[in-house]
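The values are calculated or read from the model by the stated rules, or taken from the named source; none is laboratory data. Since the model is a prediction, treat every value here as computed from it, not as a measurement. Every residue, glycine as well, gets a Cβ built from its backbone with ideal geometry; the counts of neighbours run over all protein chains shown. Heavy atoms of the whole protein, side chains included, go into the accessibility calculation; ligands, DNA and RNA do not. Shrake-Rupley method; radii C 1.70, N 1.55, O 1.52, S 1.80 Å.
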Amino acid sequence: MPAEDVDCDHVRNAIMGLMPITAWTSGMWRFPDGEQRRWNGLQNTPNDIRLLTDLLVRAGRG
(Lines give C-alpha, C1' and ligand atoms only; values in the text may rest on other atoms or scores of the structure.)
Protein backbone atom coordinates (compact mmCIF):
# COMPACT_ATOMS: atom_id res chain seq x y z
CA MET A 1 0.00 0.00 0.00
CA PRO A 2 1.52 3.35 -0.99
CA ALA A 3 2.09 5.80 1.86
CA GLU A 4 -0.63 8.11 0.58
CA ASP A 5 -3.16 5.27 1.04
CA VAL A 6 -2.49 4.89 4.76
CA ASP A 7 -5.57 5.55 6.86
CA CYS A 8 -4.12 7.85 9.52
CA ASP A 9 -7.24 7.59 11.68
CA HIS A 10 -6.96 3.80 11.69
CA VAL A 11 -3.28 3.94 12.70
CA ARG A 12 -3.98 6.54 15.39
CA ASN A 13 -6.84 4.46 16.82
CA ALA A 14 -4.71 1.31 16.83
CA ILE A 15 -1.93 3.07 18.74
CA MET A 16 -4.37 4.67 21.17
CA GLY A 17 -5.81 1.22 21.84
CA LEU A 18 -2.38 0.06 23.03
CA MET A 19 -1.91 2.92 25.48
CA PRO A 20 -3.63 1.22 28.46
CA ILE A 21 -1.23 -1.74 28.32
CA THR A 22 2.02 0.01 27.45
CA ALA A 23 4.61 1.49 29.78
CA TRP A 24 7.16 3.00 27.42
CA THR A 25 8.35 5.80 29.71
CA SER A 26 6.69 5.21 33.09
CA GLY A 27 4.57 2.76 35.03
CA MET A 28 4.51 -1.01 34.89
CA TRP A 29 4.25 -3.59 32.16
CA ARG A 30 1.63 -6.16 33.20
CA PHE A 31 1.73 -9.45 31.34
CA PRO A 32 -1.10 -12.01 31.05
CA ASP A 33 0.79 -14.56 33.17
CA GLY A 34 0.81 -12.12 36.11
CA GLU A 35 4.41 -11.01 35.65
CA GLN A 36 5.03 -7.30 36.14
CA ARG A 37 8.04 -5.25 35.16
CA ARG A 38 8.90 -1.61 35.67
CA TRP A 39 8.67 0.51 32.54
CA ASN A 40 12.45 0.25 32.05
CA GLY A 41 12.73 -3.38 33.14
CA LEU A 42 12.60 -4.96 29.70
CA GLN A 43 15.85 -5.85 27.99
CA ASN A 44 16.80 -6.44 24.37
CA THR A 45 16.97 -10.21 24.88
CA PRO A 46 15.12 -12.91 22.94
CA ASN A 47 12.93 -13.76 25.95
CA ASP A 48 11.92 -10.16 26.66
CA ILE A 49 11.34 -9.44 22.97
CA ARG A 50 9.06 -12.48 22.78
CA LEU A 51 7.25 -11.44 25.97
CA LEU A 52 6.58 -7.92 24.68
CA THR A 53 5.68 -9.12 21.18
CA ASP A 54 3.13 -11.58 22.56
CA LEU A 55 1.56 -8.85 24.74
CA LEU A 56 1.25 -6.40 21.86
CA VAL A 57 -0.04 -8.98 19.38
CA ARG A 58 -2.68 -10.20 21.83
CA ALA A 59 -3.76 -6.61 22.47
CA GLY A 60 -4.01 -5.96 18.74
CA ARG A 61 -6.27 -8.95 18.29
CA GLY A 62 -8.48 -8.09 21.24
For this session: Would you mind getting the accessible area per residue of the chain, heavy atoms of the protein chains only, 1.4 Å probe, in Å²?
Result: 81 Å²
Seminar exercise, completed: Once Lys and Arg are counted +1 and Asp and Glu -1 for all other residues with Cβ under 13 Å from that of Met28, the total becomes +2
Exercise. In the chain, carbon and sulfur make up what percent of the accessible area (probe 1.4 Å)?
Worked result: 55 percent
Exercise. Which FRET efficiency value, to the nearest 0.05, is calculated for Arg50 and His10 with the Förster distance at 35 angstrom and r the Cβ-Cβ distance?
Worked result: 0.85
Exercise. Taking only Cα atoms, what is the 0 to 90° angle, nearest 10, from helix 8-18's long axis to the longest principal axis of the chain?
Worked result: 10 degrees
Exercise. Roughly how tilted is helix 46-61, in degrees to the nearest 10 and between 0 and 90, from the longest Cα axis of the chain?
Worked result: 50 degrees
Exercise. Once fully extended, how much extra length lies between Arg61 and Leu18, figured as 0.36 nm per residue of separation less the alpha-carbon to alpha-carbon distance?
Worked result: 14.4 nm
